[in-house]
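The values are calculated or read from the model by the stated rules, or taken from the named source; none is laboratory data. All figures in this text were calculated on a predicted structure; none of them were measured in a lab. Every residue, glycine as well, gets a Cβ built from its backbone with ideal geometry; the counts of neighbours run over all protein chains shown.
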């Protein structure tokens, strides 16, 4: 499969901002928080290289896939319309399965 472009849904931008705030509060360093966010974004971009490489999670939402990030986060995405759509990033052991309503809601959150 060829490389696909990676797009971030608005919900992902909220997740990234929340993660930044959490790490900043814990470390008191915007540099540390910023480096962590850059690593997450870099990992998201690499999903475009192997878009079907994530674990299928159709039990949570149709077409949803997940990949772990540094044993501290889970990146959720779908492959749609020739692109990888990053839908959420869950940090710190959150029960992301409980946060996904059953059904195709992720298709409604277009950038």
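Applying the criterion of at least 2 residues that are at pLDDT 95 or above and at positive phi to the helices (runs of 4 or more DSSP H) found wholly in region 1-105 leaves an empty list.
Condition test on residue 5, is it more than 14 Å from the chain's Cα centre (by Cα) and exposed (fewer than 15 other Cβ atoms within 10 Å of the Cβ)? Taking the combined requirement at face value, the residue satisfies it.
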